[in-house]
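Here the structure is laid out as structure tokens; the discussion comes afterwards.
The values are calculated or read from the model by the stated rules, or taken from the named source; none is laboratory data. Computed from a predicted model, the values in this text were never measured in an experiment. Heads up, the Cβs are rebuilt from the backbone with ideal geometry, glycines too, and the neighbour counts pull from every protein chain shown.
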Amino acid sequence: MFRYPKYFDTALKYFPILLLYTFFNETLGTLIYKYDAFSLTVNSLYIDYYYVIYNIYNIVFFVYFLYLFRSYTENLAFKKLAKYFIYIFLGVVLVNLFVQDFFLEYQYLTFFTGTAFLVIIVSQYLYEDWTNRQAGLRKKNILFWLGTGLLLYHICYLPIKAIRYYNGLYNLSENPELRKIHLTLILITYIIFIVGFIRMKKKLVR
């Protein structure tokens, strides 16, 4: 928020809202998981399930970041392709509603598709940023840091999610080390974000 005047009139202006949404979403998920007094529905079938809040969150998360990095991609052909990525992702969201129960099951198809498209679009942006900017300017560009953090997290988290999907299919218990790795990835990602905002000097171009 201290750096907000440098990006308040850009597509990044919604980033603090997303962070706040993330905080409340994780808090609510923890309360539902650990305490029986918390529930999202009056139907007893859904009392112990918190997947719905993460399914909604994933849609918001991926649409926002796909839109953000598409906005700053300079290659016009790729920008057009990225627009179709967003449309395809939303189509997958609709299809996934018929494949899995939105309330009772984690929407894996939505997550894997969103991750694949996000990795592609962020990679394109970072490639352009790497070739078009001097190193000193690059390290002061907040989108460079956000993109780096997102790319690192999703590339490393994708196999963890795949393992969890496999475990769910065959009712296998999860290796406790996976959660430690997951939490470490989250920590590293947010550290990268923080470093980016600290190093941010110039106002983000609209």
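What the table shows:
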item: Qualifying residue in the range 37-46 (condition: modelled with pLDDT of 90 or more, surrounded by fewer than 16 Cβ atoms within 10 Å (Cβ to Cβ) and among the hydroxyl-bearing types (S, T, Y)); result: no
item: Failed item, numbered, when L137 is tested on (1) under 20 Å from Y54 (Cβ atoms); (2) modelled with pLDDT under 95; result: (1)
item: Filter result (at pLDDT below 95 and either part of a loop (DSSP other than H, G, I, E, B) or of a type in the set (S, T, N, Q) (or both)) within the range 19-28; result: N25, T27
item: The lone exception for Y170 - which of (1) farther than 23 Å from Y72 by Cα; (2) loosely packed, with under 13 Cβ neighbours inside 10 Å; (3) in contact with a helix residue (DSSP H, G or I) (Cβ under 8 Å, 6 or more places away or on another chain) it fails; result: (3)
item: Enumeration of residues in the range 170-206 that are free of Cβ contacts under 8 Å to residues at least 24 places away in the same chain and either more than 23 Å from I155 (Cα to Cα) or of a type in the set (S, T, Y) (or both); result: Y170, N171, L172, S173, T184, I198
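Residue-by-condition table, conditions (1) at pLDDT below 85; (2) surrounded by 12 or more Cβ atoms within 10 Å (Cβ to Cβ); (3) under 22 Å from the mean Cα position of the chain (by Cα); (4) of a type outside the set (F, W, Y):
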| position | (1), (2), (3), (4) |
| --- | --- |
| F2 | no, no, no, no |
| P5 | no, no, no, yes |
| K13 | no, yes, yes, yes |
| I17 | no, no, yes, yes |
| T30 | yes, yes, yes, yes |
